[in-house]
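What follows draws every value from the coordinates through simple rules; no lab data is involved. Note that this is a predicted model, so its numbers are computed, not measured. Please note: Cβ atoms are built from the backbone with ideal geometry, for glycine as well, and neighbour counts cover all protein chains shown.
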Amino acid sequence: MNKYNLKKGVHFMPINNQDKIKLLHDLLEDHQLDCCGTASECEQIARLALSLIENGQLNYETNEILSQIKEYSISGSSHAELDTHIKNNQQYLTGWVSSLDQLT
């Protein structure tokens, strides 16, 4: 095993921005449609949003949306009532999913 705990001979291909946006879209859409989620999903959403922001290849408006998504997910990952947090943010989730739809 190497420092990433990967088995020798197993190779992982890094995902590009479009793949990250699609994954982010799918996770947020699950929150939107199911009105529930997990802390680990919120952590993954935050990592994806931050990765896209740090990449520097998206416009200002998109980065602002990603910043909002990141804040939502950071708050959600430690929220005592995550499902309530998700329900209280339905309006935002709908907008974010729609915005990400336009990027894919």
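Expressed as an acute angle from 0 to 90° and rounded to the nearest 10, what is the orientation of the C-alpha long axis of helix 39-55 relative to the principal long axis of the chain?
Result, in degrees: 70.
Find which of Gln32, Ser67, Ser51 sits farthest along the positive direction of the dipole of the chain, computed with +1 on the beta-carbon of Lys and Arg, -1 on that of Asp and Glu, about the Cα centre.
Farthest towards the positive pole: Ser51.
Can you tell me the 0 to 90 degree angle between the C-alpha axis of helix 90-103 and the longest principal axis of the chain, rounded to 10?
Helix 90-103 sits at roughly 50 degrees to that axis.
At 222 nm, what helix-only mean residue ellipticity would the chain give, in deg cm²/dmol to the nearest 500, using -39500 (n - 2.57) for each DSSP H run of four or more?
-23000 deg cm²/dmol
Just want the ordering: Leu58, Leu52, from fewest to most Cβ atoms lying within 10 Å of their own Cβ.
Leu58, Leu52
Identify which of the listed values of Kirkwood radius over Cα pairs in Å was calculated from the structure shown: (1) 14.4; (2) 16.5; (3) 13.9.
Only one listed value fits the structure, namely (1).
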